[in-house]
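Just below is one structure, and these are the notes that go with it.
The values are calculated or read from the model by the stated rules, or taken from the named source; none is laboratory data. This is a predicted model, so every value here is computed, not measured. No Cβ is skipped: glycine too gets one built from the backbone with ideal geometry, and neighbour counts run over all protein chains shown. The protein model used for the area step is the full one, side chains on, heavy atoms only, and it has no ligands, DNA or RNA in it. Shrake-Rupley method; radii C 1.70, N 1.55, O 1.52, S 1.80 Å.
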Amino acid sequence: MTTLPPLPAPASEPSGTDPAKRVLPPNPRAAAIVALAFTVLLYLVELVDVVLPADLDQGGILARDLSGLDGVLWAPLLHAGWGHLFSNTVPVLVFAFLAMSAGIGRWVLVTAIIWVLSGVGVWLISPGGTVTVGASGVAFGWLAFLLVRGIFNRAVGQILVAVVLLGIWSGMLWGLLPGDPNVSWQGHLFGALSGVFAAWLMARMDRSQARKATGPGSLAG
């Protein structure tokens, strides 16, 4: 029986540093470029919608209609005018950047979870025949992810960031409640729930990987 020595810490991480507890992205420049590129894409889509007589907004989520279920894929890219897009711009930039603290690959997975689950939630419970568009559901998902990840990861730094975000954007939380009929509280609510789920799932994945990495490595011999 041969026991293998513990694996050395990866060269990109200081010894003893837990990647799951990072506050900022490991490569801030790359993360900023990705967040900016996604935001620019939103503006390009809106520009195309304005210039062309295509009425792209009709490609959003058509509630409880099978023909509108594919809108789950497109709705976050579409907006009901420049004002709608402007209101989402800063949250999208900030939350997307901070949500890349575990790396861009992990961010893609978190975003995919929020994107799909929030869209399906909108499709299920929004008033029949309504069309929902906008990136605010994804933004709410990123915000919720950032607010609770520190609790799941037991990371003081992430909790402090959550307190700051809550202080700045606490007003967004009113968007989780029914109010303005032209605002999809359903998208906000399911986005937030999806963000909490994504944070829980990522924490479980990290703990599982940590157990495998620190467990005894044995070879029969």
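So, of the residues in region 26-67 that are of a type in the set (S, T, N, Q) and more than 24 Å from residue 90 (Cβ to Cβ), which turns out to be least open to solvent (accessible area, probe 1.4 Å)?
The qualifying residue least open to solvent (accessible area, probe 1.4 Å) is 67.
Quick one: what pairs do we get from region 91-102, first residue in contact (Cβ under 8 Å) with a residue 60 or more places away in the chain, second of a type in the set (A, V, I, L, M) and in a loop (DSSP other than H, G, I, E, B), C-beta under 9 Å, 6+ apart or different chains?
Matching pairs, first to second residue: 91/135; 97/24; 98/23; 98/24; 100/24; 101/23; 101/24.
Find the residue count for region 109-155, including only residues that are assigned to a helix (DSSP H, G or I), more than 19 Å from residue 88 (Cα to Cα) and over 10 Å from the mean Cα position of the chain (by Cα).
Residues meeting the conditions: 12.
Please enumerate the residues belonging to region 89-105 that are part of a helix (DSSP H, G or I) and surrounded by 19 or more Cβ atoms within 10 Å (Cβ to Cβ).
91, 92, 95, 96, 97, 98
Could you please tell me which pairs satisfy a Cβ distance under 8 Å, a separation of 6+ or placement on different chains, a first residue in region 157-177 that is of a type outside the set (Gly, Ala, Ser), and a second residue that is in a helix (DSSP H, G or I) and open to solvent by 70 Å² or more (accessible area, probe 1.4 Å)?
158/21; 159/151
Yes/no per residue for (1) in contact with a Cys (Cβ under 7 Å, 6 or more places away or on another chain); (2) buried (at least 17 other Cβ atoms within 10 Å of the Cβ); (3) assigned to a helix (DSSP H, G or I):
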{"position": "160", "(1), (2), (3)": "no, no, yes"}
{"position": "164", "(1), (2), (3)": "no, no, yes"}
{"position": "182", "(1), (2), (3)": "no, no, no"}
{"position": "186", "(1), (2), (3)": "no, yes, yes"}
{"position": "211", "(1), (2), (3)": "no, no, yes"}
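Assess whether residue 130 counts as being among the hydroxyl-bearing types (Ser, Thr, Tyr) and surrounded by fewer than 19 Cβ atoms within 10 Å (Cβ to Cβ).
Considered against the rule, which asks whether it is among the hydroxyl-bearing types (Ser, Thr, Tyr) and surrounded by fewer than 19 Cβ atoms within 10 Å (Cβ to Cβ), residue 130 comes out as yes.
Looking only at region 68-88, count how many residues are open to solvent by 20 Å² or more (accessible area, probe 1.4 Å) and either in contact with a Leu (Cβ under 7 Å, 6 or more places away or on another chain) or assigned to a helix (DSSP H, G or I) (or both).
Residues that pass the stated criteria total 8.
Under 8 Å by Cβ, and 6 or more places apart or on different chains, what pairs join a residue from region 46-67 that is outside any helix (DSSP H, G or I) and at pLDDT below 90 with one that is open to solvent by less than 80 Å² (accessible area, probe 1.4 Å) and acidic (Asp, Glu)?
55/49
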